[in-house]
1. Output the residues belonging to the range 8-44 that are assigned to a loop (DSSP other than H, G, I, E, B), of a type in the set (S, T, N, Q) and surrounded by fewer than 17 Cβ atoms within 10 Å (Cβ to Cβ).
2. Spot the failing condition for D138; the list is (1) farther than 30 Å from S7 by Cβ; (2) in contact (Cβ under 8 Å) with a residue 24 or more places away in the chain; (3) surrounded by 18 or more Cβ atoms within 10 Å (Cβ to Cβ), and only one is missed.
3. Take the conditions aliphatic (A, V, I, L, M), free of Cβ contacts under 8 Å to residues at least 60 places away in the same chain and within 26 Å of N135 (Cα to Cα) and apply them to A23. Does it pass?
4. Output the number of residues of the range 81-106 satisfying the condition of being assigned to a loop (DSSP other than H, G, I, E, B), closer than 13 Å to T133 by Cα and not acidic (D, E).
5. Can you work out which of the residues in the range 120-135 that are of a type outside the set (A, V, I, L, M, F, W, C) and in contact with an Asp or Glu (Cβ under 9 Å, 6 or more places away or on another chain) is nearest to G86 (Cα to Cα)?
6. Looking at T100, T112, which one is among the hydroxyl-bearing types (S, T, Y), buried (at least 18 other Cβ atoms within 10 Å of the Cβ) and either in contact with a His (Cβ under 9 Å, 6 or more places away or on another chain) or over 18 Å from V47 (Cβ atoms) (or both)?
7. Please list, ordered by first then second residue, the pairs with beta carbon atoms under 6 Å, 6 or more apart or interchain, first in the range 98-116 and among the hydroxyl-bearing types (S, T, Y), second outside any strand (DSSP E or B).
8. Please go through (1) more than 19 Å from the chain's Cα centre (by Cα); (2) modelled with pLDDT of 95 or more for N1 and return the number of the only condition it doesn't satisfy.
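The values are calculated or read from the model by the stated rules, or taken from the named source; none is laboratory data. Since we're looking at a predicted model, the values are computed, not measured. Note that each Cβ is placed from the backbone with ideal geometry, even for glycine, and that neighbours are counted across all protein chains shown.
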Amino acid sequence: NSLIEDSVIGDNVSLNNVQCYSAEIKNGAHMGPFVRVRPGSVIGEGVKVGNFVEFKNSVIGDHTSVAHLTYIGDSDVGSGVNFGCGCATANYDGKSKARTKVGNNAFIGCDTCLVAPVQVGDNAYTAAGSVITDNVPDNALAIARAKESVKKDWVKKKKPYRWQK
């Protein structure tokens, strides 16, 4: 139940509701359901892609895992990388597009946004919920989010919504 146009699909590839346009999916990749591979993308050997993932003009290295609900655009991703759910590469600033580079064996935590142009080094990690705007060196952990703040009794002080009695 997939749509493939002007693309090269390798051997032993599993596609479940995948749309692939002018791209390449290499041997042993497992993709879907509901994956979109846009022109200029190359998906490496043994890559695993979950549901609701989109690739645009990106190269994904061998044996990388891209969980569900992720957008990777204008990116060069190394081998053995793990993307948690809900990640995105922000590649457009309103005037021009820039590339994101992710090194080998990097770990991109859930809900990370990589704001291009940015590089994540080999074996580097990003913490869940981070917005990464500066390069992350090899073997480093980047945490880019506000410290949690708890507002005690906040709910008691606000006006109730109309559906609350």
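1. The first filter runs over the range 8-44 and keeps only residues assigned to a loop (DSSP other than H, G, I, E, B), leaving 10-13, 16-17, 22-23, 26-29, 32-34, 38-41, 44.
So of that shortlist, the ones also of a type in the set (S, T, N, Q) come out as 12, 16-17, 22, 27, 41.
Once the filter is applied, which keeps residues that are assigned to a loop (DSSP other than H, G, I, E, B), of a type in the set (S, T, N, Q) and surrounded by fewer than 17 Cβ atoms within 10 Å (Cβ to Cβ), the range 8-44 yields N12, N16, N17, S22, N27.
2. Of everything listed in (1) farther than 30 Å from S7 by Cβ; (2) in contact (Cβ under 8 Å) with a residue 24 or more places away in the chain; (3) surrounded by 18 or more Cβ atoms within 10 Å (Cβ to Cβ), D138 misses just condition (3).
3. Values: aliphatic (A, V, I, L, M): yes; free of Cβ contacts under 8 Å to residues at least 60 places away in the same chain: yes; within 26 Å of N135 (Cα to Cα): no.
Here the answer is no, as A23 does not meet what is asked.
4. Filtering the range 81-106 for residues assigned to a loop (DSSP other than H, G, I, E, B) gives 81, 84-87, 91, 93-96, 98-99, 103-106.
Keeping just the survivors that are closer than 13 Å to T133 by Cα gives 91, 93, 98-99.
Among the residues that remain, those that are also not acidic (D, E) are: 91, 98-99.
Selection size over the range 81-106: 3.
5. Residues of the range 120-135 that are of a type outside the set (A, V, I, L, M, F, W, C), as a first pass: 121-123, 125-126, 129-130, 133-135.
When the remaining residues are screened for being in contact with an Asp or Glu (Cβ under 9 Å, 6 or more places away or on another chain), the result is 121-123, 129-130.
Numbers: G121: 20, D122: 21, N123: 20, G129: 9, S130: 11 Å.
In this case the residue turns out to be G129.
6. Values: T100 fails: either in contact with a His (Cβ under 9 Å, 6 or more places away or on another chain) or over 18 Å from V47 (Cβ atoms) (or both).
Sole residue among the options that is among the hydroxyl-bearing types (S, T, Y), buried (at least 18 other Cβ atoms within 10 Å of the Cβ) and either in contact with a His (Cβ under 9 Å, 6 or more places away or on another chain) or over 18 Å from V47 (Cβ atoms) (or both): T112.
7. From the range 98-116, the pairs are T100/A116; T112/C87; T112/S130.
8. With (1) more than 19 Å from the chain's Cα centre (by Cα); (2) modelled with pLDDT of 95 or more applied to N1, the lone miss is (2).
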